[in-house]
Amino acid sequence: MKTEIIPNQYDGPQKPEKRLRSGHISLDYANSDDAGEIDAGIRETIMGVRLSILAVGIGLAKIKARGLYIDLQYHSMAKYIESLCDEFQMERSGLHNWLYIGEAFLKYRKDLEKVGFSDEDGPTKLPYVDRALAIYQKKDVFRAVKDMSLRQFVSFARGEAPAAPEESAIRVKGSQVYIRDRPAVTLDEGLDPKTRSYFEGIIIEAGEALEAGEVLYLTRLYDPGELRRFERAAERLKKELRGRQ
């Protein structure tokens with residue numbers, strides 16, 4: 001699912017080249033080796049009106065791989081992600097998925113750059129690259145991850161006939177969510193950034209699941225403590241289940 005990129009409205013201190021620009025998101029911070037710079041970039045991007053999932057994912061992956069969370073005064077990567085989720089009222093599963101995206105990008109960076117892969121090509125396809133490489137030749141996989149929609153690439157990675165091309169059913173523009181060009185949901189422009197980010201995250205996650213032919217499972221938990229335990233167990237279970245497919 002493609003979403004429009006619009007300028008970041010955050011006016012806090014930052015270097016001019018790190019600002020989000022209309023129609024483009026700078027990946028400069030994701031290419032840094034400095035823990036503080038990566039952390040600041042991740043937080044500023046999350047605070048933007050529209051997210052660069054790829055940039056955040058790369059930043060998270062670098063912090064994990066190099067143990068940079070220690071420089072940020074966290075004992076583990078899980079604690080660092082937990083702090084981001086608490087600060088921005090985001091689901092931990094969402095940030096963990098972005099971490100997997102960043103890890104996949106760094107693992108196959110040279111191949112992805114050869115085909116000109118970018119944020120606009122759909123970073124949510126990247127976690128399926130390993131599965132596709134077990135079936136197809138490398139050149140075919142990276143051309144497919146560049147050219148196919150998320151739904152098509154998921155089918156491709158499973159060894160199935162690619163789903164027929166179709167336009168995304170969900171489009172987010174400003175405060176309005178459209179389904180097949182019909183207005184479906186309007187987010188109040190007066191919402192605080194945390195609340196807006198929370199609802200936009202749910203809408204985007206639902207849209208991506210719809211396009212991939214996946215299923216969302218909703219459950220109610222007693223408190224944040226139970227949520228943390230549930231998410232850790234759910235992530236382990238998902239890895240086990242997908243490893244058996």
Study note, to complete from the structure: Note on the range 125-140: residues of a type outside the set (Phe, Trp, Tyr), surrounded by 13 or more Cβ atoms within 10 Å (Cβ to Cβ) and touching a residue at least 24 places away in the same chain (Cβ under 8 Å) are Lys125, Leu126, Pro127, Val129, Asp130, Arg131, Ala132
Check your understanding: In the range 57-76, is there at least one residue being on the phi > 0 side of the Ramachandran plot, in contact with a helix residue (DSSP H, G or I) (Cβ under 9 Å, 6 or more places away or on another chain) and either small (Gly, Ala, Ser) or open to solvent by less than 20 Å² (accessible area, probe 1.4 Å) (or both)?
Key -> yes
Check your understanding: Residues in the range 213-235 that are among the charged types (D, E, K, R) and at pLDDT below 75: how many?
Key -> 1
Check your understanding: In the range 89-107, is there at least one residue being in contact with a Lys or Arg (Cβ under 6 Å, 6 or more places away or on another chain) and on the phi < 0 side of the Ramachandran plot?
Key -> no
Check your understanding: For the range 64-105, how many residues are in contact (Cβ under 8 Å) with a residue 60 or more places away in the chain and either more than 23 Å from Ile202 (Cα to Cα) or among the basic types (Lys, Arg) (or both)?
Key -> 1
Check your understanding: Would a scan of the range 103-121 turn up a residue that is in a helix (DSSP H, G or I) and among the polar types (S, T, N, Q)?
Key -> no
Point to revise | Residue list for the range 81-92, filter: in a helix (DSSP H, G or I) and open to solvent by 40 Å² or more (accessible area, probe 1.4 Å) | key: Asp86, Glu87
Exercise for review: Any chance you could count how many residues in the range 147-159 are open to solvent by 50 Å² or more (accessible area, probe 1.4 Å), within 19 Å of Tyr100 (Cα to Cα) and outside any loop (DSSP other than H, G, I, E, B)?
Suggested key: 1
Check your understanding: Where residues in the range 186-206 are at pLDDT 75 or above and polar (S, T, N, Q), which of them is nearest to Met90 (Cα to Cα)?
Key -> Thr195
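The values are calculated or read from the model by the stated rules, or taken from the named source; none is laboratory data. Model, not experiment: these values are computed from the prediction. Note that each Cβ is placed from the backbone with ideal geometry, even for glycine, and that neighbours are counted across all protein chains shown. Just the protein is used for accessible areas: all its heavy atoms, side chains included, with ligands, DNA and RNA removed. Shrake-Rupley method; radii C 1.70, N 1.55, O 1.52, S 1.80 Å.
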